[in-house]
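Worksheet for the structure shown next.
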Amino acid sequence: MIQITNPADCCGCTACASVCVHNAITMQPDALGFLYPVVDKDKCTDCGLCEKVCAFNDNYDTSLNLPRPEAYAARHKDMSEVETSRSGAAFIAISDWILKHDGVVYGAGYADHFRVVHKRATTKEERNEFKGSKYVQSDLIGVFRQVKQDLKDGKIVLFSGTPCQTSGLNSYVGKKLRENLYLLDIVCHGVPGPKLWDSYLCYLEKEQGDKISWVNFRDKQAYGWAAHHETFKFVNGGGDKMSFTYSFYQHITFRYSCGKCHFCNTRRPSDITIADYWGWQKTDPNINKDDKGVSLVFVNTEKGRRLFEAVKNDLDFIPAKIENCIQPNLQHPSEIHPKRMDFERDFAKHGFKYVMYHYGDVGWRYRTRKVKRNIIFNIKIVLKKILFLYIS
C-alpha cells in the first residue's frame with residue numbers, strides 16, 4: 001500500500017486513489033489544503049496498484065516523445081481570444097479543435113467561492129472558464145475516473161494541467177486508452193495551498209466589508225502581459241493586491257513536492273506543453289511588441305505534432321530554438337523557502353493575517369526587510385564602483 005512518509009514525495013495527483021477499486025484510499029488535506037493519500041487498512045487488499053501507478057518519479061513515461069521537442073512562439077489570430085487569455089491563447093486554438101470534434105476538455109476552473117478545481121467542458125462557454133492562470137493547486141478528486149469513462153465511451157479528451165497531473169493521468173489511464181487522450185501541460189513554477197487562497201479571499205472580504213464577485217490571478221488587461229497583479233471585483237467595487245503574488249514568488253506557500261519536481265526539463269510528460277514565452281524577443285522582436293501576450297508551445301509527441309498541425313490555421317506562429325526559450329523551471333525545480341515549515345505551522349495556529357504580517361508584504365516587518373535589502377543593494381553598488389576605480 002502507498003504510504004507517504006515524506007510530503008515531498010507526493011504531488012497530490014490522485015492517481016493512487018483513482019486506481020483503487022476498493023476505494024481504500026481517500027485524499028486528505030494538510031494545514032495548507034494540499035491533498036495526500038490516506039489508506040483505510042480495513043479496505044486495502046495490498047494489491048500494490050497504488051504504488052505501481054504513481055508517476056511522480058524520474059521514471060515517468062516518455063515512450064511517445066519525439067527525440068527533441070519542436071518549439072514555437074504562437075499567438076491566436078483572434079485578438080479577443082488573446083486579450084482574454086493569459087498568454088497567446090494557444091490553448092484556445094487547441095481546445096477549440098477538440099470541441100469541434102465532439103470531444104471533451106478538462107481544465108482548471110472554479111467551484112463554490114472561487115475554489116480551484118478541475119472541471120469538464122463540452123462547450124466553448126464551459127471551456128472559457130479555464131482561461132487564465134490559477135496560482136493554486138486544483139482539486140482533482142474524481143476527475144481521473146471521469147476522464148477514463150469518457151475515453152471508454154469513445155470520446156476524444158484533452159486534459160490540461162500541471163506536468164505532475166498529466167503524468168499521473170497518463171499512468172492511470174494506461175496505453176490501451178491513450179490513443180484518444182491528448183495531454184497538455186504547462187511550465188509550472190509551483191503551486192500554493194488551496195486553504196491559503198480561501199483564507200486570503202476571506203481576509204480581503206473582511207478588510208473591504210464586501211463580498212468578492214470576480215477574481216483574476218494575473219490581470220493583463222489592466223497591467224499588461226508581463227506584469228503580475230491580482231485583481232478582484234467586489235459586489236460594490238474593485239481593487240488589486242500583490243500579497244498572494246508576493247508570497248508566491250517567495251516560494252513559501254508551495255507544495256513540498258514542487259521543490260523536487262521531476263518534470264523540470266524538456267522531457268515533458270504530455271503531447272504538448274504551453275507557457276508564457278519569456279524571451280520572445282530572441283525569436284521575433286515584433287511578435288509581442290504590443291505586450292498582449294505570446295505563448296511558448298512545445299510539441300513533444302507525434303500525436304502532439306498532428307494536433308498542432310490541425311490548429312495552425314488559427315495561429316500566428318514562428319519556429320523557435322530551444323536554447324532561446326528555455327526557462328528556469330525547464331532546467332530545475334523552484335527552491336522552497338527555508339521557512340516553509342514555519343509558515344505552515346504559523347498559518348495553522350494563527351491564520352492568514354498573522355503569516356502575511358510575519359512572512360508577507362504587510363506590516364512593519366516587510367517594510368524593514370525592504371529597507372534592509374535596498375541598503376545592501378546600494379552598498380554592493382558602491383563597493384563595485386570602488387573596486388573598479390581601484391583596478392583602474
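Tabulated data
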item	result
Spatial separation of Cα centroids for the range 10-30 and the range 94-164, in angstrom	19
Structure-derived Cα extents along the principal axes in Å: which label, when the choices are [x] 64, 48, 44; [y] 62, 44, 44; [z] 68, 54, 53	[z]
Cα centroid separation - the range 38-59 against the range 246-274, whole Å	23
Partnerless cysteines, meaning none of the other Cys C-beta atoms lie under 4.7 Å away, in the chain	Cys10, Cys13, Cys20, Cys44, Cys47, Cys54, Cys188, Cys202, Cys258, Cys261, Cys264, Cys325
Relative contact order (%) - the chain, alpha-carbon pairs under 8 angstrom, separation at least six	21
Solvent-accessible area per residue for the chain (1.4 angstrom probe, square angstrom)	49
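The values are calculated or read from the model by the stated rules, or taken from the named source; none is laboratory data. Remember, it's a predicted structure, so these values are computed and weren't measured experimentally. Every residue, glycine as well, gets a Cβ built from its backbone with ideal geometry; the counts of neighbours run over all protein chains shown. Please note that ligands, DNA and RNA were not included when accessible areas were found on the heavy atoms of the full protein model with its side chains. Shrake-Rupley method; radii C 1.70, N 1.55, O 1.52, S 1.80 Å.
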